[in-house]
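A.B. asks: Before we start, here is the structure in question, set down as structure tokens.
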Amino acid sequence: MKKGVSLLVAVALMALASSLASASDPSPLQDTCVAIDEPKNAVFVNGKFCKNPNLTVAEDFFYQGLNIPGNTTNRVGSNVTTVNVDAIPGLNTLGISLVRIDYAPYGQNPPHTHPRATEILTVLEGTLLVGFVTSNPQNRLFSKVLNKGDVFVFPIGLIHFQFNIGHMNAVAIAGLSSQNPGVITIANAVFGSNPPINPDFLATAFQLDKKVVEFLQARF
């Protein structure tokens, strides 16, 4: 009897472990769930209120202007045009979004992460040096030079970057596996936090002089 009970407990634990290991967002149970700001007579799904399906129109799934180059006259020389659920309400519950990235000559998309999405990027014009770094303790760098038509994948949550190593402008399009993938630019988050992180702490963490940390914090 004890062996039978032990077997049942073991099976139950295995089932629990399996369910935890394969946890993921559930599939949508409706064709559409167009996001709206007005909660009246609406259902709340994935952080957004859903429009009455009978009132849904084609414009809810439409975005115009991705052919327009972004302004890259900034300190990093790049611009990201984001097409997520805020731009296309019909993306709500569909688990996907898109960005256009423009790069000035030698411009970069600085080291950053997407906490909720894997990214797949394809180069439309130019030459990019791209890469990502795996988690601790290996911290392995996977890097590649991409030309027009080349594709590269950045796994979810890992720090990655793109750098235009050409003499001319570059353009890339990237798909992300979330309607709202989020972005954490490492330098901005660390040195530009509000309120600022204690510079003594950052000096130790990054093995820098405190004055260097304070200079960086002033830049962000």
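The values are calculated or read from the model by the stated rules, or taken from the named source; none is laboratory data. What you see is a predicted model, and the numbers here were worked out from it, not measured in a lab. Positions of Cβ are backbone-derived with ideal geometry, glycine not excepted, and every protein chain shown enters the neighbour counts. The protein model used for the area step is the full one, side chains on, heavy atoms only, and it has no ligands, DNA or RNA in it. Shrake-Rupley method; radii C 1.70, N 1.55, O 1.52, S 1.80 Å.
A.B. asks: Please go through segment 140-187 and give me each residue that is on the phi > 0 side of the Ramachandran plot and free of Cβ contacts under 8 Å to residues at least 60 places away in the same chain, ordered by number. Don't jump to the end; show me each part of the working.
C.D. replies: Initially, segment 140-187 is screened for residues on the phi > 0 side of the Ramachandran plot, giving 149, 157, 182.
Scanning segment 140-187 gives 149, 157.
A.B. asks: Tell me which of these residue 99 doesn't satisfy, since it passes every other one: (1) among the aliphatic types (A, V, I, L, M); (2) assigned to a loop (DSSP other than H, G, I, E, B); (3) touching a residue at least 60 places away in the same chain (Cβ under 8 Å).
C.D. replies: Unmet condition: (2).
A.B. asks: Can you find, within segment 160-177, the residue that is surrounded by the most Cβ atoms within 10 Å (Cβ to Cβ) among those that are more than 24 Å from residue 84 (Cα to Cα) and in contact with a Leu (Cβ under 9 Å, 6 or more places away or on another chain)? Break it down stepwise before answering.
C.D. replies: Step one: filter segment 160-177 for residues more than 24 Å from residue 84 (Cα to Cα), giving 164-169.
Remaining after also requiring in contact with a Leu (Cβ under 9 Å, 6 or more places away or on another chain): 164-166.
Numbers: 164: 27, 165: 16, 166: 16.
Of everything passing the filter in segment 160-177, 164 is surrounded by the most Cβ atoms within 10 Å (Cβ to Cβ).
A.B. asks: On the basis of being touching a residue at least 40 places away in the same chain (Cβ under 8 Å), within 25 Å of residue 63 (Cα to Cα) and not basic (Lys, Arg), does residue 108 make the cut? Reasoning before the result, please.
C.D. replies: Values: touching a residue at least 40 places away in the same chain (Cβ under 8 Å): yes; within 25 Å of residue 63 (Cα to Cα): no; not basic (Lys, Arg): yes.
No; evaluated as a whole, the condition is false for this residue.
A.B. asks: Still on this model: Can you tell me which residue in segment 71-99 is least open to solvent (accessible area, probe 1.4 Å), limited to those that are within 14 Å of the chain's Cα centre (by Cα) and under 17 Å from residue 161 (Cβ atoms)? Walk me through how you get there before you give the answer.
C.D. replies: Quick first cut of segment 71-99, residues within 14 Å of the chain's Cα centre (by Cα) only: 80-85, 95-99.
Filter once more, keeping what is under 17 Å from residue 161 (Cβ atoms): 80, 99.
Numbers: 80: 68, 99: 16 Å².
Selected residue: 99.
A.B. asks: Could you tell me whether residue 122 is within 30 Å of residue 90 (Cβ to Cβ) and modelled with pLDDT of 95 or more? Before you say what the answer is, go through the steps one by one.
C.D. replies: Numbers: within 30 Å of residue 90 (Cβ to Cβ): yes; modelled with pLDDT of 95 or more: yes.
In short, yes.
A.B. asks: Looking at (1) within 20 Å of residue 74 (Cβ to Cβ); (2) modelled with pLDDT under 95; (3) open to solvent by 50 Å² or more (accessible area, probe 1.4 Å), which is the one condition that is false for residue 180?
C.D. replies: (1)
A.B. asks: Still on this structure: In the set 190, 213, which member is without any contact (Cβ under 8 Å) to a residue 60 or more places away in the chain, closer than 16 Å to residue 112 by Cα and either outside any loop (DSSP other than H, G, I, E, B) or open to solvent by 60 Å² or more (accessible area, probe 1.4 Å) (or both)?
C.D. replies: Details: 213 fails: closer than 16 Å to residue 112 by Cα.
Residue meeting the stated conditions: 190.
A.B. asks: Quick one: which strands (runs of 3 or more DSSP E) lie wholly within segment 109-154 and hold at least 1 residues that are within 16 Å of residue 169 (Cα to Cα) and open to solvent by 60 Å² or more (accessible area, probe 1.4 Å)?
C.D. replies: Numbers: elements: 119-125, 128-133, 141-146, 151-154.
By residue number, 119-125, 141-146.
A.B. asks: Which residues, taken from segment 50-74, are closer than 13 Å to residue 35 by Cβ, assigned to a loop (DSSP other than H, G, I, E, B) and not hydroxyl-bearing (Ser, Thr, Tyr)?
C.D. replies: 51, 52, listed by residue number.
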